[in-house]
Structure formats: structure tokens, C-alpha cells
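I'd like to ask some things about the structure below.
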Protein chains: 6
Amino acid sequence: MNPLLIQVINPNTSLAMTETIGMAARAVAATGTEIIAVSPSQGVPSIEGHFDEAIAAVGVLEQVKRGKAQGVDGHIIACFGDPGLLAAREVASKPVIGIAEAAMHMATLVATRFSIVTTLPRTVIIARHLLQRYGFEHHCAALHAIDLPVLALEQDSGIAQQKVREYCIQSLHQDGVGAIVLGCGGMADLAQALTRELAIPVIDGVSAAVKLIESLSALGLTTSKHGDLDYPVAKPLSGMFSTLR
Amino acid sequence: MNPLLIQVINPNTSLAMTETIGMAARAVAATGTEIIAVSPSQGVPSIEGHFDEAIAAVGVLEQVKRGKAQGVDGHIIACFGDPGLLAAREVASKPVIGIAEAAMHMATLVATRFSIVTTLPRTVIIARHLLQRYGFEHHCAALHAIDLPVLALEQDSGIAQQKVREYCIQSLHQDGVGAIVLGCGGMADLAQALTRELAIPVIDGVSAAVKLIESLSALGLTTSKHGDLDYPVAKPLSGMFSTLR
Amino acid sequence: MNPLLIQVINPNTSLAMTETIGMAARAVAATGTEIIAVSPSQGVPSIEGHFDEAIAAVGVLEQVKRGKAQGVDGHIIACFGDPGLLAAREVASKPVIGIAEAAMHMATLVATRFSIVTTLPRTVIIARHLLQRYGFEHHCAALHAIDLPVLALEQDSGIAQQKVREYCIQSLHQDGVGAIVLGCGGMADLAQALTRELAIPVIDGVSAAVKLIESLSALGLTTSKHGDLDYPVAKPLSGMFSTLR
Amino acid sequence: MNPLLIQVINPNTSLAMTETIGMAARAVAATGTEIIAVSPSQGVPSIEGHFDEAIAAVGVLEQVKRGKAQGVDGHIIACFGDPGLLAAREVASKPVIGIAEAAMHMATLVATRFSIVTTLPRTVIIARHLLQRYGFEHHCAALHAIDLPVLALEQDSGIAQQKVREYCIQSLHQDGVGAIVLGCGGMADLAQALTRELAIPVIDGVSAAVKLIESLSALGLTTSKHGDLDYPVAKPLSGMFSTLR
Amino acid sequence: MNPLLIQVINPNTSLAMTETIGMAARAVAATGTEIIAVSPSQGVPSIEGHFDEAIAAVGVLEQVKRGKAQGVDGHIIACFGDPGLLAAREVASKPVIGIAEAAMHMATLVATRFSIVTTLPRTVIIARHLLQRYGFEHHCAALHAIDLPVLALEQDSGIAQQKVREYCIQSLHQDGVGAIVLGCGGMADLAQALTRELAIPVIDGVSAAVKLIESLSALGLTTSKHGDLDYPVAKPLSGMFSTLR
Amino acid sequence: MNPLLIQVINPNTSLAMTETIGMAARAVAATGTEIIAVSPSQGVPSIEGHFDEAIAAVGVLEQVKRGKAQGVDGHIIACFGDPGLLAAREVASKPVIGIAEAAMHMATLVATRFSIVTTLPRTVIIARHLLQRYGFEHHCAALHAIDLPVLALEQDSGIAQQKVREYCIQSLHQDGVGAIVLGCGGMADLAQALTRELAIPVIDGVSAAVKLIESLSALGLTTSKHGDLDYPVAKPLSGMFSTLR
């Protein structure tokens, strides 16, 4: 197997978060796998709702197109709402994995039920919709929001990290779950330490997605081009979108 | 009640379709209600998959912002995938209705089960996901695709229209349903004639959405700003998105 | 469009409630729409369980038959259990809307999730069953009962109204919802004031149903007579039911 | 255990069908169990839709009240739509079982999936709703309608019986099921012969319900009077309903 | 009807529990029905998880084979996880009923919603999975674990029994249910006293299963041998399993 | 990362199939990963129903115990019914993956909907139950059985392989899916060639499971020992099971 080139797309424009995410990806990548951590040059600095997601989705598509031109072997959408996931799958010829999807799948492989700890309360609905779409509603026992914005995770104070930890401990005692999913790309660096400290699987989707891309690649599987994920129907894109295909 | 100003947004850039949609909206609008039919200046000429939808969603948000500045009383997203619906609800202070949503809701009020007739097979998955999201999976007995692109509906030949009619008749005989939902904004002008000819409700979402906006408005109800549909968290939008807020 | 004649059927025999309901209907009716608020001459004074509903359903059917003879343009079943809804649709040639149905549909158009505030705890199961039937189980976060009988809403003390308000406020703080549905026809007059005071959509089904009837009418849509909502199979009705067809 | 007195209520007024049902009940009743087969003195001669069901429900309640006065040990609602089931449970102090419910429960105990063979196509939706309410949607693979009215089963020609048999055989070959549920009280006398001929369980709800009543009785279990199936709230019933409590 | 011979299989090797279960079965058996209470000669002394269940399932199959050789008329699997239920149905020619299944079915016949009181928290997931499989997720409002091991129920102290009672009372006040299902074969002797004391149906699956076997038998129904519950495909079983067929 | 030792357990006793499965596993294993393909010394030669599965589950547990003693880094249950999966997770300290689970998860990552092609019709119900348990009911469009026994796949004729291919092609044309899951461990060697020939993802669970074990291992995640997958409660196992712990 040739070494892989995996593109990790931070859908927001925060470079600090792109770095956090890139490091989390590199920490688990197989020997030889190269991680390119990118983010859109234009868009939103953090993603905390459907509006932010809609904008971020375009940035994701741009980066997927760029990654495709570079010949990457897979694309990761590193925001817990998996913005633009199916659109990106249409564009890509290689696998595309969202981090919410990745973390949820992994959680169901190590526990019968899991909880999610996310940032703002308003993003809970996004996770709910994904659970329904992916089929994991019955596997998720509770959703918790630490009630701090995404970028609080990039500040030095450690307050957001502490809150994540507290909610994980609370979930462990109250929710009757065997695993916890971290519901934000900016929490990627917390999973391993919490897994060790709390002695339960605390799952980060960024690293999970890296392994799923590597897995699909090794299996010779890629996004199906038969049916509804086929390349987009060719048509002229106008204005600011003209560079998108 | 003051006369209403309703913005009907065709999320694609096809002006012919914008006109079809605008006429369908005006045909049912209450006396005094004014319809502004708009489409993004940049984007995709038709929407036939998730990629097209992701691009169209940004155009929808731009138009919602513009409509809000104009003081419209409600916004309609006139593409059967309801692209950008929840994002638009965050932006808007007034009601926002998608035409898939509108048609499906109306269908459940006049029949116990309905079918959907849409354009390309690859768009069926979009309708499936919406049925799940909106809660109408059990109310939809079958999804049919005429296997012609969206813009075939704007051609003079009438072939696409004929196919829509044929699938409606077939559905009527085979699916055990009481109503049919037309699954494309470009079919908006067919509903009334088919309803009369086939003697069952054949439902167009554009006109349905107009009435729902008028209804919400008369009821003094608008998009909830409590919780997850509150206005987007204020943050700098960069690059081509900088005009979006 | 000709002015409409809408029949609002209070399924119980309480004339005070019929009046409350009629006023709520008139308050939102379009100019020219005429509201006939009726109630069965025989039946139950309030509806607080399945037994009451079964009796009320017959009264609803009588009134629908009467309204049909009068040439009304639509029928509303103004009890939150929507008693006799599908039976009434069989009898009617025009649209029939239940107020639970109307309120729930409207709630999903302005919020991602809603709560219900109803009267007696024993009626909660009726709302649960309707949520399942209509497809809105995932949209309803909580059901609350003020634990007062329906007719307490018709007393002058204001105690029931105060309890409704308290439960709405509690729901607003605890349930993570964006809207509240009032679960009793007798609460119809509270919705607008609570909507204003609490600054979230508080939805009454009576007024919502009026707008849905007007909407269907303007769209040229009516109860499907193809399939299972066709007129009842003609057969002799005996005894006290002999006047029902 | 004392001998039981079980009231089998045919919700329609067809005496021939009451007799068919009564015989089916007696054929399986335990030694000592006495079956009283009754039908309302007024109502509909057959039940083929929601309208018929709404009328029949009142007849069911009258009979339950009468049976209660007679001191019966349980009530059976012998129409496949289980009309008035929850209302009857409120009225009764003893168990009440619907035949659709009874047949469906039994089917899940002897096969992983079953089919239903019913009368008119328009009654299929009633069975669908019951499957959803009772939780058996995933256990039912197909619903078939012989497309003959209920009373065809009471004619001497045997045509309806022949059609039932044909659909059972077809289901056996095509549906991938292990059992068939007969979807009409008027088919009660066919189950045993078809079970023997086709060598699969063909299930009649009337006889199944008799055994469930006997079972609950032997277990000392009866309709819960704690919560939402408690006796109806005492209130004056007016007009033709005044005798109902 | 000939007297029946029903085999009640305690899937664990605890003879004290076999006796408890046998007595509960005999207490409700029809006159003439003979109960054979058995347990595997080898296996686990109590069943408190999936591992225990997997072992117990083999013991169940051995006993079913033995019972079949003895000519029993039905088999009961008397552990709340219903271990080996579908496998046993393949082996048996007569009905096989699990006690979880039996109790849950009965509960839905006397209440709209029920709670479950079980032993260790780790067994809750087993009940959850059964609720999903059987279709009763919506009928179960809450699951409670007394947090004592199964065999605590066989000790003389009465502590476990007291805890069961406390949880039933708590459920009665908090869960909004009409019935309670006891989630362990070892609780079989508690149901009748709790039913009387708490005045709601408290349901034991052992006795419920006896009546369901008797019911199916009287109805001439048995496990379908058409399709996926047919006898196992004949093949050589090796080693310690060689006696299993 | 140290090289991994993965135990692939063929739950049946067919050594030819163990070899097929072992080769499929080795074909995708990462450099350094060592595959130990094992099968129980006693049990069933093939698994074609619930009875076979119950027996196989014990063999699986024995092998998991043995693998654990050997210090393997993960266990794969290489039969499409995932027999004994949760029990094995209780026993293991390392990850355990079933091949049905693995294939289904992978399928949802590359297509919106998939079909399953399995062996005997009677095993379809097992796949159905797993789809429900895992949450993928909505992702599976169709289940096909080639109607040949499992061991036909080990014969030299190639007939079974040809049938698998035919069903895949038929599914590709009729089911509206983007991927196909092969529903038997004995089909493991067909996936890659079919993926190439049909140009859609044809997914084998054995190889998929290898990559998931490697992934979890790299992520530092293992079966949760908090809650219901904790090690089995310590208790004496008697008779032929005494070696199981």
C-alpha cells in the first residue's frame, strides 16, 4: 500500500483550530500517511449554527476540489455538523468522512450507548439531526452543551477544557452510557487524556475519521459513483461559485 | 391585516423558472399580498443534487438578507430540497417556508398517504431525507422520478410535463395513495390542471408555501428566536461571504 | 376568491367554550371569511379521555353532515384530540382540520422542537398518539399537564390560565424548545398574549386550523376522495344514527 | 378458577356475523367459559371505514356498559379496526381486547413476520394505523385486500372465502412471512381450516381474544385503573348518549 | 382439550430459582395443565449479562430438545432476556414463549404505557433491545434497576423484594404508567401481592407465558415451520454440541 | 505503533471457510499486523439460522477467551449474523467487531443506501434484526438471498459465486442503491473483484472488520468496561462451560 495523502478540512477559518485538528489527525495517522490540514480562505471563524454551516459548506467544497486536484486519497470534514458531507461526496472521487459521523460510528463499536458533549446549546439540534440521519438515535442517551462558544476552546485559560471534562464526568455518572463523543473539532486534543483519566472511551471524530479514510483506502472502497453520489451534473456555475468546478 | 409582501426565492439562477414560480405564487396569493420572485445573481442554473444545493443555499441566504432589508413578511425557498431552510430561519425575523415542506404538510391534511413525483432519480434521496426530517416517512407511499433534468420543465416541448402526468396517473393506480406531491419548483404550474383532471389533490409546494406564510402572518407567528433558530452568533464573515450579514 | 364559510365544531356541549373557540377563529379569519361556531346538541360537556372522545366523534359527524348541507367550505374539529378526524374526512367533501394537527404542523414551521401544555394528565396519552400518527414525535420535546379539568378554563378565577402561563414559562426554560403548543380548545384565547409576553410562538390550534382551511381552499385542494377517505360506503344506519347520513 | 363469562361484541348490527363470531369464540373457550355474543341494536350493518368505526364505537361502549352490569369477566371488540378500544377500557373494570390486537400479538409469538388479509382496500389504512399504534409495523410484511365488502363473507356463495384462501396462498409464496392474520371478524370461521390446509398459522382475532381474556383473568390482571385508563371523569351525558353511563 | 404438559425452562442452574419459577407457573396453570420446571445441568447460576445469556441459550436448547422428546405442548424460557428464543423456536414443533415477551405483551393489553423493574443496571440494555425487537419501545416509559444481583432474590432477607416494591411505588408516582413489568424470573412470586397492594397490574412473565402457551395450544397455533423458524438445517454437530440434535 | 495481532474467529467449524476468511483478512491487514484465523473445535459446520448461531456463539466466546490469553489486540466475529457479539465484548478487553456490523458501517460511508446479498432466505431475518439493532434500517434498500447454503460457497463449481454476482448486478439495476454488502463470511474473497467489475463498492465484512480493529487500536479505543459491557460478573460456570472463564 502506498503512503496516503489525507486532506483534513477545517470548515471554519480559524487557523489555530486548523492546527489543533491537524495535530490530532497526525497523532493517529499510519506511518507514511501524510496529513494536509487546510481551511477555507474565506468564510466563518467558527461554526455554531445552521447559517454558519451553510457558509462553511461552500468552503468545504472548494477545499475538496483543491484536494482532488492535488490527488489526495481522502477528505475529512472536521466540524461536528459534517457540513456539506453529501455534496462533498458528489464532488470527490475518493472517500469523504465527517467527524460527527466518524465519532458516532466508532462509539457504537465500543459501547451500547453513548453521550455527546458539545459547545453551544444551539448546536444540539444539529447533532440530533445527524443522529437521525445516520441511524444512531437509539444509541445516543444524552446530549450536553458546555454553553461556551467554539473558539473558547482555542483560548489559553483552559476553562472550556475544564467544562468538557466536567460534563464528561457527569455523563459518566448519570447517563448510563459506556462512551462519550466529543462534539466539536476543537476538542480533538482532549480525547486521549480524557479516555485515560476517565477510563472510558472518549471519542474525537478527527482522529476517528483519519482511520476510516485509511480503512476505506486499504479496502479499495471509495465513494460510490453509481447513483445519487455520482459527480454533480455538469452545468455552468456563475459568479463567485464559478471556480467551484 | 396589512397587505403582505412575500419573497419567493428560486434558489437556482434560471430566470424562466423564477417566472414560473412567481406566477404560481401570485395565482394563489390573497388579495393585497404582493409576491416578489427573485433568484440569486450567481449560483447554479438548476438544482439536481447535494452539490447544487450547497451552492444554492448561499444564494438563498443572500436573498433572505436582501428580503429582510426590504421588509418582506416572509420568505419561500422554492426548490423541492428546501436548501438552506434552517439557516434561512436563523437569518430571518419573519417566517421561512420550504416548498417541499409546504407540499408535504398540505398532503397530509387531505390524504392519509401520498406519493412524490420528482425529476432525476438522484434527487430522490433528498426527498427521502426530508421525509425523515419532517416526520412524514409513514405518510409517503412511493417516490417516482421522471428521469428528466429540471430544466426540461422549462422547454416548450411539453415532454417533461407529459411524463409528470403519466407518473401521476400510474401512482394513482398503483400506490394506494390519496394525493400526489409534485417534487420540483418547476412543476408549480402543473398542479391545478392535474388536480382537476385526475380528481385527486396534486400538490405544488410554491403555492402551498404562499398560503402558509400568509397563515403564520395572520396568526402573529414567526420563526422562533428562542433557542436554536435565534439569529446567527455575530462574527466576522470573510471574503465572498462578507456581504452576507 | 369568494368569501368562505368555515364551520368550527366544538365537539363538546359547553356553549361557553364554543364561544371562546368561535371568537378565536374569528380573530384570525380573513376578511370575508365567515365563521360558524357550533357544538353538538347532545354529548359530553368536556372531553377528557377516550370515552369522551368516542361520544364526541358522533357529534362531530352530525355537525359535519349539517355543515355540508349548509354548503360550508371547511370544517374544524376544535378539540385537541382531533376526535373523529378521519371519519369526518370521509363524510366531508371539503377540507377538515383538527386543532391538534393544525397546531402541531404550525409549530414545526417556526421551531425545530416544541412542547405541549394540556389540561389533565390523562389526556397526555391522546396527544402522544397523535404525535405518532402525524409524524411529529421527534419534534415534541415534552408534554405538560396543568392538572386541571377542561372546564376550569371557562371559570372566571383565572387560575387555569395562570397555570398554563406558568407551565409555558417552565417549558421555555427547561425543555430546549422554540415553541409551545396549547393542548386544549379552551386555551384558544391565551395564545396571542402568551406569544407576546414570552416572545416565543405559543400556538393555538383553533386559529391555526382556520388559516389551514383558508389555505387549502385557496389552493383548490380538498379532502381526497380517491382511496381510503372516499365517502362512506352507502349502507342503512339504524336507530339513533339513522340521521347521520 | 370460577367459570368465566366473556362478552363478545360484534360492533356492527349484522346478526349473521354476530353468530359467526360467537361460534368462533365458543369453539376455543375453556371448559366452563361462557360466551355472550352481542351486537348493538343500532348502528352500521358492517364496518368498512373510519365513519363506520366512529358509529360502531358508541355501540361498543353501550354493550360494554351492559356487559359490566351483567358482571362479565371480559369484553371482546370483534371488528378488525378495534373501534373504541381505549374508550372501552376506560369504561370497563375487566379486560377489554380488540381482535386486531389479539391476532397481531399472537402472530408475533409464532412467526418473525406476518401478512394481513383484509376485505376492502379502504380498510388497509386502519390496519396500518393499528400496526403503528401497537408497535408491530416491523413485524408486518404485507397487507392484502380481497376487494370484497365485509358482508360478502356472510353470503352463501363462498366467493369471498375463496378469495381469502387465494390471497393467503399468494402471501405464503411471496411475502416471506411465517403467519397470516385474517383482517375481519367475519373471517373468524376460516382460520382453523386454512391453518391446517396451508400448514402455517392463519390467525383469527376473535378466538385469539377469547384466550387473552381468559389468560388475563387467570393472571389476576385487569385493565389498569391507575392513570389514563381510569374510569371516565364523571359528567352529565346529554341526549342520545345519556344512557351511556 | 387434552391436559397440557408445559415445560418451564429456567435457563440458569439455580435450583431455588427453578422452584420459584415452577411454583409461579403452577399457580396460574389451567386445571389439568402440568408444569415441568427444569434447568440445565450445566451453565451459569444466574444470568446478568450477554455472556451469561449466550451460555444459557445452549442450556435452553438442550432442554427444549429434551422437552420435545418428552412430548411437551410448549416451552417457556424463564429468564427476562429471553435467551435463545428464536433458536428454540427453530428446534421446537410446539410454541415457545419468553417471559420478557410474555410480560410485555400482557402489559400492553391492560395499560397504555408500562415501566420495567429489573435487577442489575447492566441488564437494562438487554430489556431495551427486546423492547426494540418486539415493537414496544413506545409503550415502555422507564426502566429501573434495583441494583442487586439476581440471586439476592433467592435469599431469605427480603431485601431484594423490598427494593422491588420500592421501585414499583416510585414508578407508580413518577413514570405516568398504568402497569409495571417485573424484569426477572426470580421476581415471579412477587407479582400477585404487588398487584393487590399497589392496585395496578404488576406483571410477571412466567405466569403470563403459561397462559400464552395454553392460549396458542387451544387455538391450534404453533411455531410456524414455514420460513425462517423452520427446523434447523440438518448438519453434524461436533464436540460438546453433538447431543443437541 | 506496535504491530497488531488480530484474531479472526470463524464461528463455524469449516476449515475451508476459516482459510477463505483468513486470507481475506490478511489481504488488507496493515504491514506488521498479524492475522490468526481460528475456528471452534466443536460446533456447527455452517451457520444458517438462529439455532446454529446460538451454538456458534459459545465457540466464539471460547476463542475470544483463548485470544485474550494469547494477548491479541482485537477479535473479529466472521459470520454475518455477528453471533455472540455483545457477549464477546463483555469477555474481551480489546475491541471486538462483527463482520455484518463492519460491512454495514462501511457501506453507509460510501453510499446513501445499500443492498445485502446473502445465502439462504432463512438468514434474511437475522440481517433484518441486525439492521434494526445497529440503526441502519433506513440505509438498506433490499435484502436478497441467493438460495444456496453457506457451504456451496466452498465448492469448486463456482455456481454460488456466479449467483452472488447475478444478484449484485440485479440489485445494481433495480434497488436504487450505491453499494452492496456481501452477507456471508464465505463471500469474503468475492468483494474486490466484484467492486472492480461492477464499479460500485461491494463490501466484505471480514476485511472491513480488520481495518476497524486496526483503527480502534490506533485511536487508543477499546471496548468500554464502564457499564453494560464490563467483564461478566464472576460466577462459577458448570459442566461443559467450566472452561469458559
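The values are calculated or read from the model by the stated rules, or taken from the named source; none is laboratory data. Predicted, not measured: the structure shown is a model, and the values here were computed from it. No Cβ is skipped: glycine too gets one built from the backbone with ideal geometry, and neighbour counts run over all protein chains shown. Heads up: the accessible areas ignore ligands, DNA and RNA and are worked out on the full protein's heavy atoms, side chains in. Shrake-Rupley method; radii C 1.70, N 1.55, O 1.52, S 1.80 Å.
Taking every residue in B:124-135, how many Cβ atoms of other protein chains lie within 10 Å of its Cβ, on average?
Averaged over the peptide's residues, the number is 5.
Is the shape of the range B:42-163 best called rounded, prolate or oblate, per the rule: a/c under 1.5 gives rounded, else a/b larger than b/c gives prolate, else oblate, with a ≥ b ≥ c the square roots of the Cα gyration tensor eigenvalues? Please list the in-between numbers first.
Values: a/c = 1.91, a/b = 1.27, b/c = 1.51.
It comes out oblate by the Cα gyration axes.
At q = 0.19, 0.24, 0.27, 0.33 Å⁻¹, work out log10 I(q)/I(0) for the range D:150-199 with the Debye formula, treating every Cα as an identical point scatterer and leaving solvent out; two decimals please.
So the normalised log intensities work out to -0.61, -0.93, -1.13, -1.42.
Another one. Distance in nm between label sites at D:Leu15 and C:Ala199, each 7 Å beyond Cα in the beta-carbon direction?
A separation of 7.1 nm, rounded to one decimal place.
Treating the range B:100-205 as a set of equal point scatterers at the Cα positions, no solvent, please give the Debye-formula log₁₀ I(q)/I(0) at q = 0.13, 0.15, 0.23 Å⁻¹.
Calculated log10 I(q)/I(0) at the listed q: -0.39, -0.52, -1.30.
Hey, could you grab the Kirkwood Rh for the range F:1-77? Inverse mean 1/r over distinct alpha carbon pairs, Å, one decimal.
12.6
Just from its helices, what would the mean residue ellipticity at 222 nm be for chain E, if runs of 4 or more DSSP H residues each count -39500 (n - 2.57) and the sum is divided by every residue, rounded to the nearest 500 deg cm²/dmol?
-13500 deg cm²/dmol
Using Cα atoms only, what is the angle between the long axis of helix E:205-218 and the major principal axis of chain E, expressed in degrees (0 to 90) to the nearest 10?
50
Between D:Gln162 and F:Ser238, what is the spin-label point distance in nm, taking each point 7 Å from the Cα along the Cα→C-beta axis?
6.2
Give me the Kirkwood hydrodynamic radius of the protein assembly as shown in Å, from all C-alpha pairs, to one decimal place? Present the calculation step by step, with values, prior to reporting the outcome.
Values: mean 1/r = 0.0304 Å⁻¹.
Computed over Cα pairs of the protein assembly as shown, the Kirkwood hydrodynamic radius comes out at 32.9 Å.
So what are the radius of gyration and Dmax for the Cα set of the range C:185-245, in Å?
18.6, 53
Lys and Arg at +1, Asp and Glu at -1: add these up for the other residues within a Cβ distance under 9 Å of D:Ile125 and post the number.
Here the count lands on +2.
Right, something else. Name the most mobile residue of F:Ile146, F:Ile213, F:Ile77, meaning the one with the largest mean-square fluctuation, in a Gaussian network model of chain F with Cα contacts below 10 Å.
Answer for the Gaussian network model of chain F: F:Ile146.
Using modelled backbone amide H atoms (1.01 Å from N, in-plane), which distant-in-sequence or interchain residues come within less than 5 Å of E:Tyr231's amide H?
Answer set, sorted by chain and number: none.
So how many Å³ per residue does the convex hull of the Cα atoms of the range B:143-245 work out to?
192
Of the heavy-atom accessible surface of the range F:125-210 (probe 1.4 angstrom), what whole percent is carbon and sulfur?
48
Can I ask one more? Mind jotting down a quarter of the surface of the convex hull over the alpha carbons of the range E:84-127, in square nanometres, one decimal?
Answer in nm², one decimal: 4.0.
Moving on to the next point. Just need the relative contact order of chain C here, percent rounded to a whole number, with Cα pairs under 8 Å and 6+ apart.
Across chain C, relative contact order equals 23 percent.
Quick check: from the Cα gyration tensor, does chain B come out rounded (a/c under 1.5), prolate or oblate?
Prolate is the answer for chain B, as a/c is 1.5 or above and a/b outweighs b/c.
Let me ask another. Which angle between 0 and 90 degrees, to the nearest 10, do you get for helix E:15-28 versus the longest principal axis of chain E when only C-alpha atoms count?
80
Give the Cα extents of the range F:37-113 along the principal axes, in whole Å, largest first.
39, 29, 21
Hey, can you rank E:223-236, A:185-198, F:171-184, B:152-165 by average C-beta count inside 10 Å, highest first?
With the highest mean Cβ count within 10 Å placed first, the list reads F:171-184, A:185-198, E:223-236, B:152-165.
Let me ask something else about it. Given labels modelled 7 Å from the Cα in the Cβ direction, how far is it in nm from A:Asp147 to D:Asn2?
It works out to 6.0 nm between the two label points.
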